[in-house]
Amino acid sequence: MADGQVYYKRVGYVSIEDANGNMRSYGGNDGLDFKFSGEKVGDIYASFEVGVLGLSAETINDLTVWNPAEAIASSRKIKVYAGYENGSIENPLFEGIIIEAIPTNPPEMWLNFKCLRFVDKESEVSNPSMLKKVKLIDIFQRIGDDFGLETMWEAEKVDKGKEVSFDYSGSKSQICDKFAVAFDLTVYEENGILYAGDKRPQMNNPNGTIVEINQNTGMLALGNITLAGATIKTRLNDKCGLMSWVHLTSIIVPKANGMYVVVRKKHYGQFRGQDWTTELETIRQGANV
């Protein structure tokens, strides 16, 4: 990787809520090492893992939690910021609730966190009822309200103004999938927004911001190339949203060049380690999958 160059100097930190409800930053900027790993997929309950090395014994004792039920009850927030000096890390790469925080044995004592985007997935939706002749967009907005999220309708093949009937009941862990299956949609959360998109976005015409991916923009490797799609490995980069379009240009495999839609992405890295990477799982435009 080109991280030895000033242009690609890594920056970042982990922000964790302390016992008093204050967010405190650790790692990177204050000399501590940290690492992270997690995927963003079409699931609002995405999990991720974080580790911080070099915390004081007092801080480790304050943050350690063995019992997931205890962790969920305290609902401590955690945010991961990571990127490069020349870019922006204003928005967190990952954000959620700590469900476990356990230290490793000396001499290198990492405090490792397991985290979840939401923790109330088993609770019931608010005001369950059988909805009749209600617009799709209004039902979707109601789901967003239940999760405390803004909503964005991006589906092109499903009319958001269509009036339908829908059994709005059950647990929060089921309601998004229930709505998606009923109306042939993909429902997912990213950066605090709940999206409704088409089930097969690769069949749409590319729209919105199209990110160029090539060796000059940070592509590191290209794998799992098939007629259906490819896995693209790049320098750490969260610019490509789920269900967004990228234009791939490869000198090594020119037959793979073209438009792809991102259906899954994984970020992983260690501030002082080898990896500081994003992997994009994509589907080729028009692929019949």
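For the range 27-150, report the translational diffusion coefficient in µm²/s to the nearest whole number, using Stokes-Einstein at 20 °C, 1.002 mPa s, and a Kirkwood Rh over Cα pairs. Display every interim value, and only then the final one.
Working: Rh = 16.9 Å.
Rounded to a whole number, D works out at 127 µm²/s.
Averaging the inverse of every distinct alpha carbon separation and then flipping it gives the Kirkwood radius. What is it for the range 129-199, in angstrom units?
On the way: mean 1/r = 0.0834 Å⁻¹.
The Cα-based Kirkwood calculation yields 12.0 Å.
Pop out the Kirkwood hydrodynamic radius of the chain from its pairwise C-alpha distances, inverse of mean 1/r, in Å to one decimal.
On the way: mean 1/r = 0.0484 Å⁻¹.
Mean inverse Cα-Cα distance, inverted, gives 20.7 Å.
Would you work out if the range 156-253 is rounded, prolate or oblate? Take a ≥ b ≥ c from the square roots of the eigenvalues of the alpha-carbon gyration tensor; rounded if a/c is under 1.5, else prolate when a/b is larger than b/c, oblate otherwise. Walk me through the numbers on the way to the answer.
Values: a/c = 2.61, a/b = 2.25, b/c = 1.16.
Note, shape of the range 156-253 comes out prolate.
Given the pairs Lys132/Lys162; Lys40/Lys255; Lys233/Lys266; Lys35/Lys266, which span a C-alpha to C-alpha distance of over 19 angstrom in this model?
From the list (Lys132/Lys162; Lys40/Lys255; Lys233/Lys266; Lys35/Lys266), the Cα-Cα distance tops 19 Å for Lys40/Lys255.
Assuming a ≥ b ≥ c are the square roots of the Cα gyration tensor eigenvalues, decide whether the range 203-284 counts as rounded (a/c under 1.5), prolate (otherwise, with a/b larger than b/c) or oblate. Intermediate values should be presented prior to the final figure.
Working: a/c = 1.82, a/b = 1.41, b/c = 1.29.
Since a/c reaches 1.5 and a/b is larger than b/c, the shape of the range 203-284 is classed as prolate.
So what is the calculated 222 nm ellipticity per residue for the chain, using -39500 (n - 2.57) for each DSSP H run with n of 4 or more, over all residues, to the nearest 500 deg cm²/dmol?
On the way: 4 runs with 37 residues, N = 289.
Helix contribution divided over all residues of the chain: -3500 deg cm²/dmol.
Over the chain, what is the mean sequence separation of C-alpha contacts under 8 Å (at least six apart), divided by residue count, expressed as relative contact order in percent? Mind showing how you got there, number by number?
Numbers: 631 pairs, mean separation 48.0, N = 289.
Computed over the chain, the figure is 17 percent.
Under the classification rounded if a/c is under 1.5, otherwise prolate if a/b is larger than b/c and oblate if not, where does the range 244-289 fall, given a ≥ b ≥ c as square roots of the Cα gyration tensor eigenvalues? Working shown, then result.
Details: a/c = 3.46, a/b = 1.75, b/c = 1.97.
Oblate, since a/c reaches 1.5 and b/c is not below a/b.
If R₀ is 51 angstrom, what is the calculated FRET efficiency for the pair Ala19 and Ala287, using the beta carbon separation as r and rounding to 0.05?
Details: r = 50 Å, r/R0 = 0.98.
The formula returns an efficiency of 0.50 here.
About the Cα centre of the range 158-268, how large is the charge dipole given +1 on each Lys and Arg Cβ and -1 on each Asp and Glu Cβ? Please answer in debye to the nearest 20.
Dipole about the Cα centre, nearest 20: 420 debye.
Which order do the peptides 177-189, 155-167, 122-134 come out in when sorted by mean C-beta neighbours inside 10 angstrom, highest first? Please report the intermediate quantities before stating the final value.
Working: 177-189: 18.2, 155-167: 13.8, 122-134: 11.6.
Descending mean neighbour count gives 177-189, 155-167, 122-134.
For the range 274-279, just list the computed ³J(HN,Hα) in residue order, Karplus coefficients 6.51, -1.76 and 1.60, θ = phi - 60°, integers in Hz, with x standing in for Gly and Pro.
Coupling constants for the range 274-279: 7, 8, 7, 9, 10, 10 Hz.
Near Ala71, within a Cβ-to-Cβ distance under 10 Å, what is the net charge of the other residues, with Lys and Arg +1 and Asp and Glu -1?
Values: positive: Arg76, Lys114; negative: Glu70, Glu100.
Counting the neighbours of Ala71, the net charge comes to 0.
May I have the pair-distance distribution P(r) for the range 18-97, computed from all Cα-Cα distances with 5 Å bins from 0 and rounded to whole percent?
Per 5 Å bin, starting at 0, the Cα pair percentages come out as 3, 11, 20, 26, 21, 11, 5, 1, 0.
For the range 17-84 and the range 233-270, what is the centre-to-centre distance using only Cα atoms, to the nearest Å?
27
Mind giving me the FRET efficiency for Ala182 and Lys114? R0 is 35 Å, r the Cβ-Cβ distance, nearest 0.05 is fine.
Values: r = 32 Å, r/R0 = 0.92.
After rounding, the FRET efficiency stands at 0.60.
Here, each number is a calculation from the coordinates, and none is a lab measurement. None of the values given here were measured: they were computed from a predicted structure. Ideal geometry is used to build each Cβ from the backbone, glycine not excepted, and the neighbour counts take in all protein chains shown.
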